[in-house]
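The values are calculated or read from the model by the stated rules, or taken from the named source; none is laboratory data. This one's a predicted model, so the numbers in the text were calculated from it and none came from an experiment. Cβ coordinates were reconstructed from backbone atoms using ideal geometry, including for glycine residues, and neighbour counts include every protein chain displayed.
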Amino acid sequence: MVECPGCGYDLQGLPREHTCPECGLNYDPDTTLIRLTIHRWNQKQYALSVLFTVVMVYRCSRYGIRREDLWLFFLLGVSVFVSACTILRTNNEKATLLLNRSGIQLDHPRFGKRYIPWSMIGRIRWNWITGTFSISGRDGKNILSMNRRDVGGRKTGQRCAEEANRLYRRMKTEA
């Protein structure tokens, strides 16, 4: 490993398994850090912009648009634009999923900081139908389940499952 997956610090000259002196991340040759972006949209902003748009449409349809009221038509266009932007814009929060020889470490605003050692894990999967990344224990009970918004989308969820399964298989063969 040439650089720290957490902060990019140059690790040349340090042992293969060590702690990054810059950010404190425990790393080994198999360490993979996946950055998750959680998509949330602000419901209050959405509600206010939709309400404003409805009021503007009502005003224009009720009284018509006279030449001297063209500024209302302009405001209607702006309110529709703001509504669309509010729906499309998300408040992105950051989270990380760290995979290394000791297990899976999750640092997530919704799930908190969680550590799951490989010895507890029975199955890791990405369900493309429901859009869920899940980790089950050896007894079949669910340890962690995150939907596509919690992992940052379908592709990131798939990558989490693929990388975790790759390392999980390697850890099983070495044990």
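Using beta carbons and a limit of 8 Å, which pairs, at least six apart or on different chains, have the first residue in the range 156-174 and closer than 10 Å to Trp118 by Cβ and the second one of a type in the set (S, T, N, Q)?
From the range 156-174, the pairs are Leu167/Thr32; Leu167/Asn100.
Find the residue count for the range 143-156, including only residues that are modelled with pLDDT of 95 or more and over 13 Å from Leu106 (Cβ atoms).
Adding up the residues that qualify gives 0.
Kindly indicate whether any position in the range 13-25 is modelled with pLDDT of 70 or more and closer than 27 Å to Asn147 by Cα. Walk me through it before giving the result.
Going residue by residue through the range 13-25, those that are modelled with pLDDT of 70 or more are 13-25.
This time we only want the ones that are closer than 27 Å to Asn147 by Cα, so: 25.
Taking every residue of the range 13-25 in turn, at least one turns out to be modelled with pLDDT of 70 or more and closer than 27 Å to Asn147 by Cα.
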